[in-house]
2 protein chains.
Amino acid sequence: MPTRYEVIGVEGLPEIAPGIDLSPLIVEAARRQGTPLAAGDLLVVSQKIVSKAEGRLVRLDQIRPSARAAALAVEIDRDPRLVEVILGETRRIVRQAKGVLIVETHHGWICANAGVDQSNVDPDTACLLPVDSDASARGLRRRLAELTGLTLAVIIADTFGRPWREGLVNVAVGLAGFEPIVSYLGETDPAGHVLQATILAVADELASAAEPVMGKLDRIPVVIIRGARWTPAEADSRPLLRDPSRDLFR
Amino acid sequence: MPTRYEVIGVEGLPEIAPGIDLSPLIVEAARRQGTPLAAGDLLVVSQKIVSKAEGRLVRLDQIRPSARAAALAVEIDRDPRLVEVILGETRRIVRQAKGVLIVETHHGWICANAGVDQSNVDPDTACLLPVDSDASARGLRRRLAELTGLTLAVIIADTFGRPWREGLVNVAVGLAGFEPIVSYLGETDPAGHVLQATILAVADELASAAEPVMGKLDRIPVVIIRGARWTPAEADSRPLLRDPSRDLFR
């Protein structure tokens, strides 16, 4: 039997309004399309629908930009109200350039615009990352267990840019139920070498695996990863954050 | 029918020696395990076996470090012979620290040690990236077409670290037969917004999707991605290289 796994998009979820309980919608949509959730599944859920369900939407016409946001907006040529929203999510600006603001979020992610974006939401509305995506993932996992009796793993994912390489890739911004990092420290390879410090960000790899079926238009905001190996654990996304003391690109 | 694809490890390849023709081994191994190559498959092939087949192995006892390599080796506390090999693959040093050398390769990839590594090879041997991984991917694709009559897509993949996030992820270092970037420029989302400049590095996402079945110990150096959407094209990996003028983290 070859080692294999499957990546299955969950279609037919309705438009998500603030306050909605996502889990029964996910369970029902997966069942309706003939791929009900099963033991061992890992779910990758788009940050966007989690944020919508949690009401993390801001109407720009209700935002008064601070003097700092107004000045920065001029420098980078962006809407000052949007800059104000981004700064509210920001611990530190890492880089700025025309049209671009790379920041560290309060959680510690380094990404464009603190994850704030305006696609797939009403005009003049901005969508923010969940306040605590790990808590969101834990909540989904708990509720899915109540509804199905299954102990699943959950990733909340968003598309982030990277230095040096073009194109966004889907990465984990929150997770529950599994070890996000697989470590090969100290194992020996077939040639008898001890492998040194080889750690793989399996949570990010599985988030990336989900994206090609999601599509950027968010019509498929939930993906089932079925049959992949992952290590059950009461873990969150913090092991994916590089300690600043070990980071050469702050 | 839900949108789905499958990730299938190809097991049972022999140890790869320089000069070996990989393609018939891949075709045969996939057939033997009951998952013969099929139309629409995209193959993710570990850089390591491609490099071995191409003889990109260097015995360190035959390397005489230059004065520059010897001095740098002291600064970063690494084997001067290994540093000499790395510098031969290097266009520019991006960062250096104790034990760490982040460089830009002649191809343009920015990664640790120019992709040179010592796992899964004989003691005192270093394995280099293929001279031209895109040419390697094209060669594999052509030979696989001769053997099977199938027009496949091919990714040569290696695990790279990233700034800000812990853990390596598998990325494309060479490819053939498909567009590595999917662009949503100008499309409208369900809310009627025109999406701006949303480009996704699908080649890197599919390389990452393959890794969880490969394992770092390289016992499964070939993975079939079956059923994923990709756009056929005579393309290579260059669209994944960010132009230095657009890169804020050089």
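Across the stretch B:7-21, in residue order, what do the Karplus-derived ³J(HN,Hα) couplings come to in whole Hz, using 6.51 cos²θ - 1.76 cosθ + 1.60 with θ = phi - 60° and x for Gly and Pro?
Values per residue, Gly and Pro as x: 10, 10, x, 9, 9, x, 6, x, 4, 9, 9, x, x, 6, 8 Hz.
Compute the helix-to-body angle for A:133-148: its Cα long axis versus the longest principal axis of chain A, expressed 0 to 90° and rounded to tens.
With rounding to tens, the tilt is 50 degrees.
Please report, for the Cα atoms of the stretch B:7-68, the Rg to one decimal and the Dmax as a whole number; what are they, in angstrom?
Rg and Dmax of the stretch B:7-68, Cα atoms, are 16.0, 54 Å.
Could you tell me the calculated FRET efficiency between B:A70 and A:S245, based on Cβ-Cβ distance and R0 = 25 angstrom, to the nearest 0.05?
So, using R0 = 25 Å, E works out to roughly 0.30.
Search the structure for amide H atoms under 5 Å from the amide H of A:R4, placed 1.01 Å from N in the peptide plane, and list their residues when 5 or more places away or on another chain.
For A:R4, the qualifying residues are B:G9.
Quick one: dipole size for the stretch B:30-88, taken about the Cα centre, charges +1 on Lys/Arg Cβ and -1 on Asp/Glu Cβ, in debye to the nearest 20. Intermediate results must be reported in sequence, preceding the final value.
On the way: 10 positive and 7 negative charges, 58 e Å.
Value, rounded to 20: 280 debye.
Which angle from 0 to 90°, rounded to the nearest 10, does the C-alpha axis of helix A:22-32 make with the longest principal axis of chain A?
Helix A:22-32 sits at roughly 50 degrees to that axis.
For the stretch B:58-127, state what percent of all Cα-Cα pairs lands in each successive 10 Å bin, counting from 0 Å until the bin that includes the largest distance.
23, 56, 21
Regarding chain B, what are the three Cα extents along the principal axes, ordered largest first, in Å?
The Cα atoms of chain B stretch 61, 48, 28 Å along their principal axes.
Taking A:R95 in one copy and the same position in all the others, each labelled 7 Å out along Cα→Cβ, what are the pairwise distances from the first, in nm, shortest first?
1.2
May I ask you to derive the FRET efficiency for B:S183 and B:R219 from their Cβ-Cβ distance with R0 = 35 Å, giving the value to the nearest 0.05?
0.45
What list of ³J(HN,Hα) values in whole Hz, one per residue of the stretch B:52-58 in order, does the Karplus curve 6.51 cos²θ - 1.76 cosθ + 1.60 (θ = phi - 60°) give from phi, with Gly and Pro shown as x?
3J(HN,Hα) across the stretch B:52-58, in whole Hz: 4, 4, 8, x, 7, 10, 10.
Per DSSP H run of n ≥ 4, the term is -39500 (n - 2.57); total these for the protein assembly as shown, divide by its residue number, and report the mean residue ellipticity at 222 nm rounded to 500 deg cm²/dmol.
Helix-only estimate at 222 nm: -8000 deg cm²/dmol.
To make sure I understand, if each residue's beta carbon is the centre and we count other beta carbons within 10 Å, what order do B:R64, A:R141, B:R219 fall in, fewest to most?
B:R64, B:R219, A:R141
For the protein assembly as shown, what is the convex hull volume of the alpha-carbon atoms per residue, in Å³?
For the protein assembly as shown, the hull spanned by Cα atoms encloses 142 Å³ per residue.
With charges set only on the Cβ (+1 for Lys and Arg, -1 for Asp and Glu), what does the dipole of the protein assembly as shown come to about its Cα centre, in debye to the nearest 20?
That gives the protein assembly as shown a dipole magnitude of about 420 debye.
What does the net charge come to around A:R246 if you take all other residues with beta carbon closer than 13 Å to its beta carbon, with K and R at +1 and D and E at -1? Don't skip to the answer; put the middle values down first.
Numbers: positive: A:R242, A:R250, B:R95, B:K98, B:R162, B:R165; negative: A:D243, A:D247, B:E166.
Result for the neighbourhood of A:R246: +3.
Can you tell me the FRET efficiency between A:D132 and A:A17 if r is taken as the Cβ-Cβ distance and R0 is 22 Å, rounded to the nearest 0.05?
Values: r = 21 Å, r/R0 = 0.94.
After rounding to 0.05, the efficiency reads 0.60.
Which residues in the stretch B:170-185 place their backbone N less than 14 Å from a point set 7 Å from the Cα of B:A233 along the Cα-to-Cβ direction?
Flagged as within label range: B:175-185.
Between helix B:67-76 and chain B, what is the angle of the helix's C-alpha long axis to the longest principal axis, kept within 0 to 90° and rounded to the nearest 10?
Orientation of helix B:67-76: about 70 degrees from the principal axis.
Within the protein assembly as shown, how many lysine pairs that are 8 or more places apart, or on different chains, have C-alpha atoms less than 21 Å apart?
4
What is the distance in Å between the Cα centres of the stretch B:196-250 and the stretch A:44-68?
Value for the Cα centre distance between the two parts: 30 Å.
Could you line up B:L129, B:L60, A:L72 from fewest to most neighbouring Cβ atoms inside 10 Å?
Neighbour counts put them in this order, fewest first: B:L60, A:L72, B:L129.
Using each residue's phi in the stretch A:158-168, evaluate 6.51 cos²θ - 1.76 cosθ + 1.60 at θ = phi - 60° and report the 3J(HN,Hα) Karplus result to the nearest Hz, with x for Gly and Pro.
For the stretch A:158-168, the Karplus curve yields 9, 8, 10, x, 9, x, 6, 10, 6, x, 7 Hz.
Taking GluC sites (Glu not before Pro) as candidate sites, keep only those in a DSSP loop with at most 15 other Cβ atoms within 10 Å, then name the longest stretch of chain A containing none of them.
By the stated rule (loop sites, at most 15 other Cβ atoms within 10 Å), A:16-186.
With a point put 7 Å past each Cα toward its Cβ, work out how far B:T125 is from A:H106 in nm, to one decimal.
Spacing of the two 7 Å Cα→Cβ label points: 5.4 nm.
Every number here is computed from the coordinates shown, using simple stated rules; none is lab data. None of these values were measured; they are calculated from a predicted model. All Cβ positions, glycine included, derive from the backbone under ideal geometry; neighbour counts span all protein chains shown.
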